[in-house]
Amino acid sequence: MYKIVLDPGHGGEDYGATSIKSKLKEKDITLKIALYAMDFLRQQYAIRVRLTRENDVTVKLKERLKIAKRFKANMFISIHLNQSKGIGVESFIGLEAPKINQELQQCLHNEITKILTRKQLNIVGRHLREANHEMLQKVFMPSVLFKHLCINDDFKLLNDERFLKELGEAYAIGIGGFLGFEKM
């Protein structure tokens, strides 16, 4: 059985990006998206899912990686938002990552972009990138780090629970598609 770790970025004392136009904090939005993704994965596929955090607690980077290792995860997905305007969707894999990471990145990227395009958002960038991010370099399984939307400019959308559920489900559908699963 496949084991997936979803990592809702930030948490606890680490707010991540904070909107200057509303009271939104990245840590809260990423957790909601991850919870929706986890629920959908568990309902639709024969997959075990674990989150690096299920509530508003601080989890250090090393502990996030230990969670994935102890769980013997087959995949690690980290979810984040953008602070600055005009980025759209960015996804990152480690430098010189194996081809399987690129395939996972593309599957997830396609599903998330579909949701944002359907909402008729002006998606400026659809960037698939490599980065020397510590999390991506130290995890020894297919892994992708996502940054999307802008917490300052997209705060109305990020306050919409239906949209967050759609976004979480897009992550799940991307994971399922990568694994070759069809919805049950």
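Data for the structure
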read-out: Failed criterion for residue 80 (all others in (1) at pLDDT below 95; (2) touching a Gly at 6+ places or on another chain (Cβ under 8 Å) hold); value: (1)
read-out: Residue under evaluation residue 147, criteria (1) at pLDDT 90 or above; (2) in a helix (DSSP H, G or I), criterion not met; value: (2)
read-out: Count of the stretch 11-26 residues which are without any contact (Cβ under 8 Å) to a residue 60 or more places away in the chain, within 15 Å of the chain's Cα centre (by Cα) and outside any strand (DSSP E or B); value: 0
read-out: Residue among 131, 73 that alone is crowded, with 22+ Cβ neighbours inside 10 Å, over 25 Å from residue 157 (Cα atoms) and more than 12 Å from the chain's Cα centre (by Cα); value: 73
read-out: Test set (1) over 13 Å from the mean Cα position of the chain (by Cα); (2) part of a strand (DSSP E or B); (3) at pLDDT below 90; (4) not aliphatic (A, V, I, L, M) - residue 120 fails condition number; value: (2)
read-out: Matching entry among 79, 29, 93, 4 (being in contact (Cβ under 8 Å) with a residue 40 or more places away in the chain, part of a helix (DSSP H, G or I) and under 22 Å from residue 172 (Cα atoms)); value: 29
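The values are calculated or read from the model by the stated rules, or taken from the named source; none is laboratory data. Only a predicted model underlies this, so the values are computations on that prediction, with no experimental measurement involved. All Cβ positions, even for glycine, are placed from backbone atoms using ideal geometry, and neighbour counts span all protein chains on display.
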